[in-house]
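The values are calculated or read from the model by the stated rules, or taken from the named source; none is laboratory data. None of the values given here were measured: they were computed from a predicted structure. Please note: Cβ atoms are built from the backbone with ideal geometry, for glycine as well, and neighbour counts cover all protein chains shown.
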Amino acid sequence: MLSQDHAVYLFSGIIRDFFLRRKEKSRDLDIIFDGDEKTTENLLKNHDYRKNSFDGYKVRVGEGDVDLWHIQNTWALNHGQTVLDFDLHTYIPHTAFFNFSSIIYDYKAKKFHFSIHFQRFLRDLHIDIVYQPNPNQALCVVNAFYYSEKYNLRFSPRLKRFVQQMYPRYMGQYEVVQWKHFGKVLYEEKEIKMRVQGL
């Protein structure tokens, strides 16, 4: 088992859904661990998987997918102003784009680690931005509407400004981004435009 020999952290939608007390089973699970490439090859040799564009792995497990990341290869760590000589749980929650993802679960310690941004999310039920640098800001615009609609959450003023500023930069790209991420188009370009105008 991976956690016997490695530090393992869970993050992403499965934790958000737990705290929001969603009854349906979440299939959005990301795992960070401190193994090397050889460990990953041994772990994945009997699984169907593919590498994503950010050096993570999308692994088929049962009926769903799990995203697996090396600590050294996570995008935020590689682009942040830091080095890996600290306790991971003190940093990762602060590198999430959305506040509802600003939390991780330390599997070995059986403990959640979170930022003040996550606490405010639970208090206010507003979607906000924690760490704005992101390799796919067009998807962040789409996801802001997607999560707002799915969970009946309001935009923070900061998120509204972000979406209004980012929207013109990626006009014409939103449907392509959705095909790559969701495998379908949730919002046509004209609908995104109307949503942005309505903020």
Of residues in segment 50-88 being at pLDDT 60 or above, within 23 Å of ASP17 (Cβ to Cβ) and among the aliphatic types (A, V, I, L, M), the one surrounded by the most Cβ atoms within 10 Å (Cβ to Cβ): LEU68
I'm told GLY35 meets every condition in (1) modelled with pLDDT of 75 or more; (2) surrounded by 15 or more Cβ atoms within 10 Å (Cβ to Cβ); (3) assigned to a loop (DSSP other than H, G, I, E, B) except one. Can you identify the failing condition by its number? (1)
Inspect all residues belonging to segment 155-178 and state whether any of them is in a helix (DSSP H, G or I), free of Cβ contacts under 8 Å to residues at least 60 places away in the same chain, more than 17 Å from PHE121 (Cβ to Cβ) and within 16 Å of the chain's Cα centre (by Cα). yes
Please enumerate the residues belonging to segment 89-119 that are of a type in the set (D, E, K, R) and either surrounded by 16 or more Cβ atoms within 10 Å (Cβ to Cβ) or in contact (Cβ under 8 Å) with a residue 60 or more places away in the chain (or both). ASP106, LYS108
